[in-house]
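Q: One structure is given below, represented as structure tokens, and several questions about it will come after.
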Amino acid sequence: MSSKRNLTVQRVLALLLAYVMLCIAGGVVGGIFLSPVVFGVNGMAKAVMPSLKVEGIDFDVSSLPQRSRMFASDGKTVIASFYAQNRTVVPLKDISQPMQQAAVAREDKRFFKHAGVDVQGVMRAFIQTFIKKGDTQGGSSLTQQYVKNVLMTKAHENNDPIAEYHASEETIARKIREMLIAVQMEKQYSKAEILQGYLNIAQFGSNNLYGVEAAARRYFGISAKDLNVGQAATIAAITKNPSKYDPSIPENLQESQKQRDIVLSLMLSQGFITKQQYEEAKAKPLQETLNLQDNTLQVGCQSAGDAAFFCDYVTKQILNSKEFGKTEMQRQKLLNEGGLDIYTTMDINANNIAMQTARETIPVNDPTGFEVAMASIRPGTGEVLGFGVNRIYDATDAAKNDPTRTSLNYAVDQKDGGGMGWAIGSSWKPINMVAWMQKGRSINEPLRTSTFYRNSAFNCDRFTDNVGSWTVHNADGGNVNPETPFLGLVHSHNTVQAAMASQIGLCSIADTAKTLGYHNSPLGQEDIYSKGSPLYPPMTIGAVQASPLTMANVYATIAANGVECTPIAIKKVINKEGEDLKVPSANCHQAISSEIAQTTAYAMNQGVVRPDGVAAVTRLDNGRKTFAKTGTNENTYMATGGFVPQVSTFVSVGNAEYTVPFDRKTINGKYRAVWYGEDIAAPAWRNFMNRYLAAGNVPQDNNYGNPAPQYMGSSSAPTQNRQ
């Protein structure tokens, strides 16, 4: 018993001592494992060290960082990819046999014979490095290389630079650790599993390219399962020196071909290929075999083109949603390393047409610098269809000095990557009408109006002001007394809005706005009752800070028979294990009655967009029933919102960062002394809607907008005005 124990200890100590002695000259892997005392270690290593383990290290190939992909609503079009390491993990059965053979031939010809440490390879490396004084060689087995890659990857994932350094440093301790783990790995995993892991984790390019699947698509435009002998040899050669042997770099081509041919020679000598296969593969110039796919290396929203603003919004939704992790850091890691397939709501037609319309309305390089921001949503679902911004998306530092470029999506809230929001003017007024009917009032009830109100007239439980006053005028400076809410909306009169608010209280209007899906855009002030929010009488004529997406959603509630949904940009997320992850819900619910929604829609259609109405310019093609409202805030911002039952869209125009008047400006080559919402925002809305509805063959639904009798009473014929 004692002598057997001593023999075991002796063998282990000899194994380690021999390794240390041969590494001491410079940390190069060496070993004298062929000496008599350790002869046969390949066959007995598992029995010698059965208890050596490394805690906290998961060698499961499915746990490797993988590239995430974001898709448009068609489920096929890739908007963008995200990765810390550009990798797509595939099982060994989906990696061609020539690729498997090339890797073994190049890295470890005795891979299927040793127990994790290649004794002969270590000895050869020692003799070459120290006896013959040749090139420094490591002698690491393929299993050891896999161990090293895993340790480095895990350290990087855990943001542990010390562990990452120790995983790659050329020291005795690191080499011993690798060997011990390699031997233990061979106890726990089959050769096929280790080879699969290696082929998925190894670096096969200079530009953050990992795994054979990503490499096959990058260099040849095919899957790893389709790699032939020459292609496999090309990829297998790269991992020895990714920056030097990457064939996509023109100056590397000669050396890359040389290394490919070396691998082909090794495959021939080891019996993996025939002489004919060798000669045929070697005869082809490497450059002629390449089919480089540059787009596979593009990362993040920066490379998403006109979908970049939508892409950015989706990433913010992920980073802001606890469904994807408890902390933002965990969510970011999941996005970059989780191998997610993210299926979004982005309608390709809607997004492309919105971007095109925004840039046609005011070109990117227009001297005025005015922004156009558009958002479109599908009523009754919360699904965001697309954004239009007359800027080029750019999240690099170069954008700081180029006004045509930005990473801010001015169509969304500040927390979602947007700005502080827009004053939306009279496009707020349908909210007042909904609030009025919520109190059981008729839209044809005559109201006494005035141009002067004390703020106390609007007091309610969450708004009290017994000191201030509000002087309010219509666009033409006049006043109509009395006037009904219906005609007040038709003519976009401010004085009747004030009269309505004085009767039902400012809180009723604020509550209704929230019910319809409204909130403020500035970060930390989203709630309409939050400190610093614009809860004061001018709110009733659009003196707020709102994003186009929020207002598109408010209008969508009116378009969907009163069903309000939280805007969503993600339909489904599948992780690398093929599991569906929980995603933010639209929480669709009946917010207001169908009767109120349809009566509001009726007023918007029958009055506002009639031929002599203030929003006549919004009328859609082919007699399609249109529901819209324009708005102008002083002379600095203009807006238009509207819908048909299938689509709701909102447009804002102005300077999103500074208060700049439109007066006496030449915009898109046209000069006007005074600009109104119907001059820029309304045509932009109409052009987008017409194009998108036509592109999607969206059927007409002219049956919407039927008023409820209890909210009507007697009516009067509208007369023309503008605002």
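The values are calculated or read from the model by the stated rules, or taken from the named source; none is laboratory data. Computed from a prediction, not measured in an experiment: that's the story for all the values here. Note that each Cβ is placed from the backbone with ideal geometry, even for glycine, and that neighbours are counted across all protein chains shown.
Q: What is the number of the single condition among (1) farther than 23 Å from PRO548 by Cβ; (2) exposed (fewer than 14 other Cβ atoms within 10 Å of the Cβ) that GLN700 does not meet?
A: Of everything listed in (1) farther than 23 Å from PRO548 by Cβ; (2) exposed (fewer than 14 other Cβ atoms within 10 Å of the Cβ), GLN700 misses just condition (2).
Q: Any idea which of LYS258, LYS240, LYS244, LYS284 is among the basic types (Lys, Arg) and over 24 Å from TYR198 (Cβ atoms)?
A: LYS284
Q: A further question on this structure: In the set ASP347, ASP366, which member is within 23 Å of PHE82 (Cα to Cα), in contact (Cβ under 8 Å) with a residue 40 or more places away in the chain and not assigned by TED's automatic domain parsing to the domain that holds PRO645?
A: ASP347
Q: What are the residues in the range 402-418 that are buried (at least 21 other Cβ atoms within 10 Å of the Cβ) and under 15 Å from the mean Cα position of the chain (by Cα), if any?
A: LEU408, ASN409, VAL412, ASP416, GLY417, GLY418, listed by residue number.
Q: A further question follows. When you check GLN287 against the structure, is it closer than 30 Å to VAL698 by Cβ, polar (S, T, N, Q) and either in the same structural domain as GLU255 (by TED's automatic domain parsing) or buried (at least 16 other Cβ atoms within 10 Å of the Cβ) (or both), yes or no?
A: Considered against the rule, which asks whether it is closer than 30 Å to VAL698 by Cβ, polar (S, T, N, Q) and either in the same structural domain as GLU255 (by TED's automatic domain parsing) or buried (at least 16 other Cβ atoms within 10 Å of the Cβ) (or both), GLN287 comes out as no.
Q: Just checking, how many residues over the range 562-606 are surrounded by 19 or more Cβ atoms within 10 Å (Cβ to Cβ), over 19 Å from the mean Cα position of the chain (by Cα) and under 29 Å from GLY75 (Cα atoms)?
A: Summing the residues that are surrounded by 19 or more Cβ atoms within 10 Å (Cβ to Cβ), over 19 Å from the mean Cα position of the chain (by Cα) and under 29 Å from GLY75 (Cα atoms) in the range 562-606 gives 3.
Q: Further question on the same structure: Give the residue, chosen from VAL617, VAL583, VAL573, that is in a helix (DSSP H, G or I) and either farther than 16 Å from SER492 by Cβ or touching a residue at least 24 places away in the same chain (Cβ under 8 Å) (or both).
A: Sole residue among the options that is in a helix (DSSP H, G or I) and either farther than 16 Å from SER492 by Cβ or touching a residue at least 24 places away in the same chain (Cβ under 8 Å) (or both): VAL617.
Q: Right, next: Do you know which of the residues in the range 480-494 that are free of Cβ contacts under 8 Å to residues at least 40 places away in the same chain and over 15 Å from ALA603 (Cα atoms) is surrounded by the most Cβ atoms within 10 Å (Cβ to Cβ)?
A: Checking each candidate, the answer is VAL480.
Q: Among GLU337, GLU280, which is over 13 Å from the mean Cα position of the chain (by Cα) and buried (at least 16 other Cβ atoms within 10 Å of the Cβ)?
A: Selected residue: GLU337, the only one of GLU337, GLU280 that is over 13 Å from the mean Cα position of the chain (by Cα) and buried (at least 16 other Cβ atoms within 10 Å of the Cβ).
Q: Sticking with this structure for a sec: From the list GLY532, GLY524, GLY542, exactly one residue is touching a residue at least 40 places away in the same chain (Cβ under 8 Å) and either touching a helix residue (DSSP H, G or I) at 6+ places or on another chain (Cβ under 6 Å) or of a type outside the set (Val, Ile, Thr) (or both). Which is it?
A: Answer to the check: GLY542.
Q: Which of (1) surrounded by 17 or more Cβ atoms within 10 Å (Cβ to Cβ); (2) at pLDDT below 85; (3) not in a loop (DSSP other than H, G, I, E, B) does ARG124 not meet, given it meets every other one?
A: Going through (1) surrounded by 17 or more Cβ atoms within 10 Å (Cβ to Cβ); (2) at pLDDT below 85; (3) not in a loop (DSSP other than H, G, I, E, B) one by one, ARG124 breaks only (1).
Q: Pick out the one residue from GLU288, GLU337 that is among the acidic types (Asp, Glu), in contact with an Asp or Glu (Cβ under 8 Å, 6 or more places away or on another chain) and under 27 Å from SER248 (Cα atoms).
A: Matching residue, one of GLU288, GLU337: GLU337.
Q: Same structure, new question: Within the range 630-638, identify whether any single residue is of a type in the set (Val, Ile, Thr), touching a residue at least 40 places away in the same chain (Cβ under 8 Å) and not assigned by TED's automatic domain parsing to the domain that holds SER427, and answer yes or no.
A: Within the range 630-638 (the criterion being of a type in the set (Val, Ile, Thr), touching a residue at least 40 places away in the same chain (Cβ under 8 Å) and not assigned by TED's automatic domain parsing to the domain that holds SER427), the answer is no, since none of the residues qualifies.
Q: Restricting attention to the range 399-423, which residues are under 16 Å from ASN365 (Cα atoms) and assigned to a helix (DSSP H, G or I)?
A: ALA399, LYS400, ASN401
Q: From the list GLN497, GLN503, exactly one residue is surrounded by 24 or more Cβ atoms within 10 Å (Cβ to Cβ) and in the same structural domain as ALA543 (by TED's automatic domain parsing). Which is it?
A: Every option except GLN497 fails the conditions.
Q: What number of residues in the range 443-479 are assigned to a loop (DSSP other than H, G, I, E, B), surrounded by 19 or more Cβ atoms within 10 Å (Cβ to Cβ) and touching a residue at least 60 places away in the same chain (Cβ under 8 Å)?
A: 3
Q: Sticking with this structure for a sec: Taking the range 497-527, which residues are under 23 Å from ASP416 (Cα atoms) and of a type outside the set (A, V, I, L, M)?
A: Passing the criteria: LYS514, THR515, GLY517, TYR518, HIS519, ASN520, SER521, PRO522, GLY524, GLN525, GLU526, ASP527.
Q: From the list THR315, THR327, THR274, pick out the single residue that is of a type outside the set (A, V, I, L, M), over 15 Å from the mean Cα position of the chain (by Cα) and not assigned by TED's automatic domain parsing to the domain that holds PHE220.
A: THR327
Q: Here's another thing I want to ask about it. Might you let me know whether the range 131-154 holds any residue that is under 33 Å from the mean Cα position of the chain (by Cα) and either at pLDDT below 75 or not assigned by TED's automatic domain parsing to the domain that holds ILE273 (or both)?
A: yes
Q: Name the residues in the range 455-506 that are among the aromatic types (Phe, Trp, Tyr) and under 12 Å from MET433 (Cα atoms), would you?
A: If the condition is that a residue be among the aromatic types (Phe, Trp, Tyr) and under 12 Å from MET433 (Cα atoms), then PHE486 is the only one that fits.
Q: Quick check: is even one residue across the range 259-270 surrounded by fewer than 16 Cβ atoms within 10 Å (Cβ to Cβ) and among the acidic types (Asp, Glu)?
A: No, that holds for no residue.
Q: Report those helices (runs of 4 or more DSSP H) wholly inside the range 267-338 carrying at least 3 residues which are touching a helix residue (DSSP H, G or I) at 6+ places or on another chain (Cβ under 9 Å) and of a type in the set (A, V, I, L, M).
A: It comes to 308-320.
Q: Could you please give the count of residues in the range 521-570 that are in a helix (DSSP H, G or I), hydrophobic (A, V, I, L, M, F, W, C) and under 23 Å from ALA307 (Cα atoms)?
A: Adding up the residues that qualify gives 4.
Q: Looking only at the range 624-642, count every residue that is in a loop (DSSP other than H, G, I, E, B) and either farther than 23 Å from TYR692 by Cα or polar (S, T, N, Q) (or both) and tell me the total.
A: Number of matching residues: 4.
Q: Then there is this: Has the range 212-226 got any residue that is under 19 Å from GLU280 (Cα atoms), assigned by TED's automatic domain parsing to the domain that holds LYS148 and in contact with a Pro (Cβ under 7 Å, 6 or more places away or on another chain)?
A: No, the range 212-226 contains no residue that is under 19 Å from GLU280 (Cα atoms), assigned by TED's automatic domain parsing to the domain that holds LYS148 and in contact with a Pro (Cβ under 7 Å, 6 or more places away or on another chain).
Q: Ok, one more. With ALA358, ALA375 as the choices, which residue is touching a strand residue (DSSP E or B) at 6+ places or on another chain (Cβ under 6 Å), among the small types (Gly, Ala, Ser) and not in a helix (DSSP H, G or I)?
A: None of the other options fit; the residue is ALA375.
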